[in-house]
Amino acid sequence: LSAVELLGQTGSGERPDFSGKRVVIVGGGNVAMDATRTAKRLGAKSVTCVYRRRIVDMTALPDEVAGAQAEGCEVMQLMAPVKVAVEGDRAVGLVVKPQIAGAIRGGRPSPVSSSAPEETIPCDIIVIAIGQDIDSKPFADAGIDVKRGALVASAAGEVKAGGEKLAGVFTGGDCWSGPATVIRAIDAGKVAAVNIAGFLVPGAGCLVPGGKVEIPTAPAGQRLHWGRVNMIERPADERKDDFNLMEKCLTDEEAAQECSRCLRCDHFGCGAFRRS
């Protein structure tokens, strides 16, 4: 089943029973980690996350990976899925091919098949948590520029056709940037919203994402430099058996200290944007 399906069922209260089951998760992002840690909480006998690159190359947050491992989940690196081993109509294992780290492309080593033989990871349930692609062909057929499966657009999110901006058409999110985070999609959504308004009302200006904002040092004496307060997680052996919050709430003392840190959000406004 898909990780989206698993997480959707669990979040809606229709939690599947994985008691005594051997579960394998395929993927290396935050969704894969969510599915891995969820399977553990659903009573799985064993949970293994299979990833074709190295652990250090995973797109999942390091804290998520470390948290899953602390809860007793195994992260198996440099293993590329080949096929599902079946008996009758049931999955009994995932066949994987050992990989080695190859040439660096896009900032990460590309996995290359090694000479080692294929292996089979015994399992009862396989959860797919790999990235999803957009169907860019209809856009390309309509004349919109497409590069490597993503729509081509200006920094302001204006879609291009034939190398020129397509008036009044904006884009954002994964179909523009490629696989990224929800936060980046929200960023792009805000940019598109402001720029659509600017298109409808000429002269309103526009925004571009990821602008560099020079934030001056807070005036001396107004706020002291403080380290950020991080919430402490509950013990792994305790949290792995329930769906309660993993972190402990801030104490009154910690909350007061965190509130005293100088953020100046009210002064600098949209810190992720810059006006052009």
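Key figures for this structure:
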{"read-out": "Residue check, Gly163 surrounded by fewer than 16 Cβ atoms within 10 Å (Cβ to Cβ), modelled with pLDDT of 85 or more and either charged (D, E, K, R) or within 30 Å of Ala35 (Cβ to Cβ) (or both)", "value": "no"}
{"read-out": "Qualifying strands (runs of 3 or more DSSP E) (wholly inside region 106-169; at least 2 residues being more than 25 Å from the chain's Cα centre (by Cα))", "value": "119-122, 158-161"}
{"read-out": "Scan of region 113-157 for residues that are among the polar types (S, T, N, Q), closer than 16 Å to Gly178 by Cβ and surrounded by 12 or more Cβ atoms within 10 Å (Cβ to Cβ), ordered by number", "value": "Ser136"}
{"read-out": "Pairs with Cβ under 6 Å, 6+ apart, first in region 179-200 and of a type in the set (D, E, K, R), second open to solvent by 100 Å² or more (accessible area, probe 1.4 Å) and in a loop (DSSP other than H, G, I, E, B)", "value": "none"}
{"read-out": "Index of the failed condition, Val24 passing every other in (1) open to solvent by 10 Å² or more (accessible area, probe 1.4 Å); (2) more than 17 Å from the chain's Cα centre (by Cα); (3) not basic (Lys, Arg)", "value": "(1)"}
{"read-out": "Residue in region 169-186 that is out of contact with any helix residue (DSSP H, G or I) (no Cβ under 7 Å at 6 or more places or on another chain) and of a type in the set (Lys, Arg) present", "value": "no"}
{"read-out": "Matching residues, region 1-60, being of a type in the set (Lys, Arg) and touching a strand residue (DSSP E or B) at 6+ places or on another chain (Cβ under 9 Å)", "value": "Lys21, Arg22, Arg37, Lys40, Lys45, Arg52, Arg53, Arg54"}
{"read-out": "Pairs with Cβ under 8 Å, 6+ apart, first in region 137-158 and at positive phi, second open to solvent by less than 70 Å² (accessible area, probe 1.4 Å) and of a type in the set (A, V, I, L, M, F, W, C)", "value": "Gly143/Ala161; Gly149/Ile134; Gly157/Phe170; Gly157/Trp176; Gly157/Ala188; Gly157/Val191; Gly157/Ala192"}
{"read-out": "Per-region count, region 41-72, residues more than 19 Å from the chain's Cα centre (by Cα) and surrounded by 22 or more Cβ atoms within 10 Å (Cβ to Cβ)", "value": "2"}
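The values are calculated or read from the model by the stated rules, or taken from the named source; none is laboratory data. Worth saying up front: this structure is predicted, and the values here are computed from it rather than measured. All Cβ positions, even for glycine, are placed from backbone atoms using ideal geometry, and neighbour counts span all protein chains on display. With ligands, DNA and RNA removed, areas are computed over all heavy atoms of the protein, side chains included. Shrake-Rupley method; radii C 1.70, N 1.55, O 1.52, S 1.80 Å.
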